[in-house]
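Visitor: Here it is: the structure, laid out below.
The values are calculated or read from the model by the stated rules, or taken from the named source; none is laboratory data. In this text, all values refer to a predicted model and were calculated from it rather than measured experimentally. For neighbour counting, all protein chains shown are included, and Cβ atoms are generated from backbone atoms with ideal geometry for every residue, glycine included. The accessibility values were calculated without ligands, DNA or RNA, using every heavy atom of the protein model including side chains. Shrake-Rupley method; radii C 1.70, N 1.55, O 1.52, S 1.80 Å.
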Amino acid sequence: METFELHPSNIDLRALGRISEILRRGQLVVYPTDTHPALGCNALNGAAITTLCRLKGVNPEKQTLSIVCSSLSQASAYARIDNRAFSIMRANLPGPFTFILPASTSLPKIFKGRKQVGIRIPANSIARAMADDLGNPLLSGSIGDTDPYDFEHSVEAIIKDSDACDFREIMSSAIIDLTDSAAPVILREGPVTPEL
């Protein structure tokens, strides 16, 4: 297992490239977001998604999976975002929000049973840079206030944010259902109230 400590304002590109290699091989990482750290893998690798879901105890046929994107442009390739949803997301992102949207056909078949996907664009430059360098989103599952090193035997790398505060004091992201963008529904409150 490798450990990377990255500075969000000056990300080590060599380390970022190494992390992308790990993700392309279908291996898992723990990485920082703007809320709790998360387990992550390449969102286009079905085998890696299956491993992450098993590790998290998630049934992908019954629970909505979330992906971390580098930008709204990247997100638009994996979710159907109408004009109203786009306006809401642009007003709130990057930030501590997960927006539930209709999934596009670009996602692996493990997503097909649910027809929805959670979209995150965190206010954490490391998470966004990982998705950008990889060239596609990361499947993401929060580890809550669990110590990242509890996963050291299950992941290939732990990525740390050198500027992060104690993750045990952080709230989870707000979850907003935008499948009907004319009537957004807040499914879970977060640290910031969304502009709807």
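Visitor: Please list the non-local residues whose amide H lies under 5 Å from the amide H of E2, H modeled 1.01 Å from N, same-chain partners needing a gap of 5 or more.
Guide: Counting only residues 5 or more places away or on other chains, the set is A157, I158.
Visitor: Check which residues have an amide H placed less than 5 Å from I119's amide H, if you skip close sequence neighbours.
Guide: Long-range HN contacts for I119: I67, F99, I100, L101.
Visitor: At a 1.4 Å probe radius, which order do V117, V185 fall into by accessible area, largest first?
Guide: Ranked list, largest accessible area first: V185, V117.
Visitor: Quick one: Cα centre-to-centre distance for region 124-157 and region 35-97, in angstrom?
Guide: One Cα centre to the other: 12 Å.
Visitor: Quick check: net charge around S70, other residues with Cβ under 9 Å of its Cβ, Lys/Arg +1 and Asp/Glu -1?
Guide: Residues close to S70 contribute a combined charge of -1.
Visitor: Pull up all non-local amide H partners of S104: gap of 5 or more, or a different chain, and H-to-H distance under 5 Å with H placed in the peptide plane.
Guide: Hits under the 5 Å cutoff: A79, R80.
Visitor: Could you tell me the accessible area of I11 in Å² (1.4 Å probe, neighbours in place), rounded to the nearest ten?
Guide: 30 Å²
Visitor: For a quick check of understanding: with a 1.4 angstrom probe and all protein chains in place, what accessible area in square angstrom does L13 have, to the nearest ten?
Guide: The accessible area comes out at roughly 130 Å².
Visitor: Something else now. I'd like to know which of A182, V58, L28 lies farthest towards the positive end of the charge dipole of the chain, counting +1 on Cβ of Lys and Arg and -1 on Cβ of Asp and Glu.
Guide: Looking along the dipole axis, the top candidate is A182.
Visitor: Pick from T179, T50, T33 the residue whose mean-square fluctuation is largest in a GNM of the chain, springs joining Cα atoms under 10 Å.
Guide: For the chain, modelled as a Gaussian network with Cα springs under 10 Å, the answer is T50.
Visitor: Now a separate question. How big is Rg to Rh over region 18-61, alpha-carbon atoms, Rh as the Kirkwood inverse-mean-distance radius?
Guide: Answer for region 18-61: 0.97.
Visitor: Of the listed values (i) 12.9; (ii) 9.8; (iii) 11.3, identify the label whose number matches mean projected area of the Cα convex hull in nm² calculated from this model.
Guide: (ii)
Visitor: Still on this structure, please answer the following. State the answer as a single residue: which of S76, L13, N92 lies farthest towards the positive end of the charge dipole of the chain, with beta carbon charges of +1 for Lys and Arg and -1 for Asp and Glu, about the Cα centre.
Guide: S76
Visitor: Here is a follow-up. Output wanted: per-residue J couplings in Hz (rounded whole) for region 43-49, from phi through Karplus 6.51 cos²θ - 1.76 cosθ + 1.60, θ = phi - 60°, x for Gly and Pro.
Guide: Once θ is set to phi - 60°, the couplings for region 43-49 become 5, 9, 10, x, 5, 5, 4 Hz.
Visitor: Counting only pairs 8 or more residues apart or on different chains, how many lysine pairs in region 43-196 have their Cα atoms under 22 Å apart?
Guide: So the count works out to 7.
Visitor: Would you calculate a helix-derived [θ] at 222 nm for the chain, using -39,500 (n - 2.57) for each DSSP H run of n ≥ 4 and dividing by the full residue count, to the nearest 500?
Guide: One gets -7000 deg cm²/dmol as the mean residue ellipticity at 222 nm.
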